[in-house]
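Chemist: What follows is a single structure, and I will ask about it in a moment.
The values are calculated or read from the model by the stated rules, or taken from the named source; none is laboratory data. Since we're looking at a predicted model, the values are computed, not measured. Don't worry about glycine lacking a Cβ; one is built from the backbone with ideal geometry, like all the others, and counts go over all protein chains shown.
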Amino acid sequence: MKKYLVTLLPVLMLSFQPDSPSGGAPLHLAPTSSPSDDLKPSISQEKVESLVAKLLTTYHYRKVRLNDSLSSVVWDNYLKEVDNSKTYLLASDVASLEKYRYQIDDALVNGDLTAAYDLYNIFRKRYQERSDFIKEQLKKPLSFTEDETFNTDREKASWPKTVEEQNELWRKILKNQALELRLGNRKDSAVVALMTQRYSNLDKAVNRVKSADVFQMYMNSFAEALDPHTNYLSPSNADRFNQEMSQSLEGIGAMLREDGDYIRITEVLPGGPAFKSKLLNKEDKIAGVAQGDNGPMVNTMNWQVDDVVKLIKGPKGTVVRLQVISPNAIAGAPPKEIRLVREKIKLEEQRAKKETIEVSDNGRSFKIGVINIPMFYRDFEGARKREEGFSSTTSDVKRFIEELKTEKVDGIVIDLRDNGGGSLTEAINLTGLFIPKGPVVQVRESTGETEVYTDPDPSVTYDGPMAVLVNRFSASASEIFAAAIQDYKRGIIVGGQTFGKGTVQTLIDLNQWLPKEPEKVGQVKMTIQKFYRVNGSSTQHKGVTPDIELPSAFSAEEYGESSQPSALPWDQIKSTRYEQSSGIDDKILSRLRDRFDQRLKSDPELKQLAQDLADFKKAKENTVVSLQESKRRKEREEAERKRAAASKVSQISAPVDETGTPTTKKKKDLYLNEAGLVLADYILAVNK
């Protein structure tokens, strides 16, 4: 899951006795089969299942009841976890297990894992059948002259009804994968070798799945039915979470997780090679890793995250090449190869930075200060010890503001694009630089109790024209700051609708409730609070809607909190008392929108951007690809053209050459430039 936590609260000290959750004897469902090599639950897992069910239904922010409705959701989640592409299980398998759909609620309470292991053991059997079929198919000669197609989107597909139908499905899956490799100028022998290695990797991955992995999948199917940020972490994954994956991946500065066949990027750490290159982004999938400029590309499909980490890590100054599939990739588009130079991520490179840009509006030139904040950081240890000059977002931004005022800028843009959050304290303190003292955010407990967090400092560091630039990946603490600036009418919010994460999580060590267990039993990350703006509106689900919305490649249906079916809903509580600025009103905002609409129609670059995005979104909707080589080549050429056009939407501040090395020439950032023009429009409007 994405790590969009604002601050991780201390472990809760909860009090109840988990030994007898229901007061009765455990319910045990009759297993479908039990061959000797089947995976089986442990007694410890049965205890943990009951404990987690009690914890989440008692203390989660969303007060849910274990009933048939929730049971059905959990079962669908688990089916998706086990066979996401609907290619291994048969329709008859799913039907035979349908008896469990409305029994999961009782099983969770009573510590019964029969349903979980029955399903997974059937999957293992079907997987082996598919593995045997794949080996036989790869022995056959390749042919790409037949005029047939394949739908790459299996989300709404049905499970195959017969083995013959499943064989035909897998014939097309393999043919599609082979054609993708063939179009990369590989000989047929190399294609077969790569495919064979790919499925050998998958065999190894499936064979490494242990009982603990099945248990985690099942428990997360339950936990994530409550909300997408609630998870069960197995002992090994809990250790990895606590040790911070960012430290083990200091080579490129990214955080990874397994996602189906690929390893997915969950965070790009500010200051790292990936962040500075702008070549690797959140939600990208890694398909291959190569060492140096000439090393062979190792296909990492179906690898475990730890094994991919070992390939990516390396000595400072060495080169690693990655094959990357963008989340916006059009069906049939090949992965792109990027080149990164490993280095140690330095704290100072994760800190805020400033620059100035020049924009021309209505015949007048404006000097705009820009402060980019990649994350809300704070040296909590230094703050606790009251060390002078300890590192913090607020102190750095305050210094930049004073410097920009000396440089006589006409206005300031706070750039929060891709800022996934960080310290709540810093979000509050930073807001305080731009407003007199007053409330900044409200935090509500599941009990309904609400605490208002305020800026106690009446001083204002900057009272001039300002804008806040956000996008779909501005989340959590970023949303708190942007929302407060918008509610106080202190600045203009420009960009895309933000992520919509308005929740807070805590970690619970399960061993404290099962002290007699000799080994670790894992942790639960659970949502316990929600954030609300000073006007009473939640930042959850909806995020912050910009005053001036720019064209975006990222839709709310695909990315962000609203793309998650189990996301907590948006709601509203009582507004706090706060005093708005008089500088921005509806009349001025209407004028600014009119000016932007005019530019969107007349500015060649903005018009091209909007057109490219429209073309790209339309092309992405088509998930059916040809399996005939001649037609597929034409599709690929078109996909490449679309992808090249879509690359214009990237927020490029440090462009790179064809080798991935940052260049000294700076490309124009259309979004930042537009934020500067909106601010210039505002300055002209208020000075009339």
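Chemist: I'd like the residue in the stretch 438-484 that is free of Cβ contacts under 8 Å to residues at least 60 places away in the same chain and of a type in the set (Val, Ile, Thr) and, out of all such residues, is surrounded by the most Cβ atoms within 10 Å (Cβ to Cβ).
Modeler: Val468
Chemist: Would a scan of the stretch 153-162 turn up a residue that is crowded, with 16+ Cβ neighbours inside 10 Å, among the aromatic types (Phe, Trp, Tyr) and not in a loop (DSSP other than H, G, I, E, B)?
Modeler: no
Chemist: Take the conditions without any contact (Cβ under 8 Å) to a residue 24 or more places away in the chain and either surrounded by fewer than 24 Cβ atoms within 10 Å (Cβ to Cβ) or of a type outside the set (D, E, K, R) (or both) and apply them to Pro515. Does it pass?
Modeler: Values: without any contact (Cβ under 8 Å) to a residue 24 or more places away in the chain: yes; either surrounded by fewer than 24 Cβ atoms within 10 Å (Cβ to Cβ) or of a type outside the set (D, E, K, R) (or both): yes.
Yes; evaluated as a whole, the condition is true for this residue.
Chemist: Please verify whether Leu677 is modelled with pLDDT of 60 or more and touching a Ser or Thr at 6+ places or on another chain (Cβ under 9 Å), treating the condition exactly as stated. If you could, list the steps in order and put the result at the bottom.
Modeler: Values: modelled with pLDDT of 60 or more: yes; touching a Ser or Thr at 6+ places or on another chain (Cβ under 9 Å): yes.
Yes.
Chemist: Checking Ala645 against (1) farther than 27 Å from Ile368 by Cβ; (2) touching an Asp or Glu at 6+ places or on another chain (Cβ under 6 Å); (3) modelled with pLDDT of 80 or more, which test does it fail?
Modeler: Checking Ala645 against (1) farther than 27 Å from Ile368 by Cβ; (2) touching an Asp or Glu at 6+ places or on another chain (Cβ under 6 Å); (3) modelled with pLDDT of 80 or more, the one that fails is (3).
Chemist: Take the residues in the stretch 277-324 that are surrounded by fewer than 19 Cβ atoms within 10 Å (Cβ to Cβ) and of a type in the set (Gly, Ala, Ser), then tell me which one is farthest from Tyr262 (Cα to Cα).
Modeler: My answer is Gly317.
Chemist: Within the set of pairs 6+ apart or on separate chains, which have a first residue in the stretch 314-330 that is farther than 16 Å from Gly272 by Cβ and at pLDDT below 85, a second that is polar (S, T, N, Q) and outside any loop (DSSP other than H, G, I, E, B), and C-beta atoms under 6 Å apart?
Modeler: Going by the 6 Å Cβ cut-off, there are no qualifying pairs.
Chemist: Now for a separate question. Do any strands (runs of 3 or more DSSP E) entirely within the stretch 333-397 hold 3 or more residues that are more than 30 Å from Leu322 (Cβ to Cβ), and if so, which? Can you show your working first?
Modeler: Working: elements: 336-341, 353-361, 364-372.
Where strands (runs of 3 or more DSSP E) fall fully within the stretch 333-397 and carry at least 3 residues being more than 30 Å from Leu322 (Cβ to Cβ), they are 353-361, 364-372.
Chemist: Scan the strands (runs of 3 or more DSSP E) fully inside the stretch 427-506 and keep the ones with 2 or more residues being modelled with pLDDT of 95 or more and within 23 Å of Ala685 (Cβ to Cβ).
Modeler: On the way: elements: 438-445, 450-455, 466-470, 492-495.
By residue number, 466-470, 492-495.
Chemist: Right, something else. At pLDDT 95 or above and over 25 Å from Arg154 (Cβ atoms), is that true of Lys125? Give the steps one after another, and end with the answer.
Modeler: On the way: at pLDDT 95 or above: yes; over 25 Å from Arg154 (Cβ atoms): no.
Judged against the criteria, Lys125 is not a match.
Chemist: Among the listed residues Glu180, Glu129, Glu168, which satisfies the condition of being part of a helix (DSSP H, G or I), in contact with a Pro (Cβ under 7 Å, 6 or more places away or on another chain) and charged (D, E, K, R)? Before the answer, list the steps.
Modeler: Working: Glu129 fails: in contact with a Pro (Cβ under 7 Å, 6 or more places away or on another chain); Glu168 fails: in contact with a Pro (Cβ under 7 Å, 6 or more places away or on another chain).
So the residue among Glu180, Glu129, Glu168 that is part of a helix (DSSP H, G or I), in contact with a Pro (Cβ under 7 Å, 6 or more places away or on another chain) and charged (D, E, K, R) is Glu180.
Chemist: Does Gln128 satisfy being over 29 Å from the mean Cα position of the chain (by Cα), on the phi < 0 side of the Ramachandran plot and not hydroxyl-bearing (Ser, Thr, Tyr)? Let's see the steps before the verdict.
Modeler: Details: over 29 Å from the mean Cα position of the chain (by Cα): yes; on the phi < 0 side of the Ramachandran plot: yes; not hydroxyl-bearing (Ser, Thr, Tyr): yes.
Yes.
Chemist: Right, something else. List the helices (runs of 4 or more DSSP H) inside the stretch 1-118, counting only whole elements, that have at least 2 residues being at pLDDT 95 or above and of a type in the set (Phe, Trp, Tyr).
Modeler: Values: elements: 43-59, 68-82, 91-96, 104-110.
Where helices (runs of 4 or more DSSP H) fall fully within the stretch 1-118 and carry at least 2 residues being at pLDDT 95 or above and of a type in the set (Phe, Trp, Tyr), they are 68-82.
Chemist: Which residue is nearest to Glu129 (Cα to Cα), if the candidates are limited to the stretch 144-166 and must be β-branched (Val, Ile, Thr) and under 35 Å from the mean Cα position of the chain (by Cα)?
Modeler: Initially, the stretch 144-166 is screened for residues β-branched (Val, Ile, Thr), giving 145, 149, 152, 162-163.
If we keep only those that are under 35 Å from the mean Cα position of the chain (by Cα) as well, we get 149, 152.
Details: Thr149: 25, Thr152: 22 Å.
The extreme case among them is Thr152.
Chemist: Just to be sure I understand, how many residues within the stretch 395-424 are under 19 Å from Asp457 (Cβ atoms), surrounded by fewer than 22 Cβ atoms within 10 Å (Cβ to Cβ) and among the polar types (S, T, N, Q)?
Modeler: Matching residues across the stretch 395-424 total 1.
Chemist: If only one of Gly496, Gly522 is touching a residue at least 12 places away in the same chain (Cβ under 8 Å), crowded, with 23+ Cβ neighbours inside 10 Å and under 30 Å from Met217 (Cβ atoms), which one is it?
Modeler: On the way: Gly496 fails: under 30 Å from Met217 (Cβ atoms).
Of the residues listed, the single one that is touching a residue at least 12 places away in the same chain (Cβ under 8 Å), crowded, with 23+ Cβ neighbours inside 10 Å and under 30 Å from Met217 (Cβ atoms) is Gly522.
Chemist: Is it the case, given these coordinates, that Gln177 is surrounded by 14 or more Cβ atoms within 10 Å (Cβ to Cβ), within 22 Å of Lys634 (Cβ to Cβ), of a type in the set (S, T, N, Q) and assigned by TED's automatic domain parsing to the domain that holds Val82?
Modeler: Values: surrounded by 14 or more Cβ atoms within 10 Å (Cβ to Cβ): yes; within 22 Å of Lys634 (Cβ to Cβ): yes; of a type in the set (S, T, N, Q): yes; assigned by TED's automatic domain parsing to the domain that holds Val82: yes.
Yes; evaluated as a whole, the condition is true for this residue.
Chemist: Within the stretch 529-542, track down each residue that is modelled with pLDDT of 95 or more and either in contact with a Phe, Trp or Tyr (Cβ under 7 Å, 6 or more places away or on another chain) or outside the structural domain of Arg444 (by TED's automatic domain parsing) (or both). It would help to see each step written out before you state the result.
Modeler: Looking only at the stretch 529-542, we keep the residues that are modelled with pLDDT of 95 or more, and these are 529-540.
Once the filter is applied, which keeps residues that are modelled with pLDDT of 95 or more and either in contact with a Phe, Trp or Tyr (Cβ under 7 Å, 6 or more places away or on another chain) or outside the structural domain of Arg444 (by TED's automatic domain parsing) (or both), the stretch 529-542 yields Gln529, Lys530, Val534, Ser538, Thr539, Gln540.
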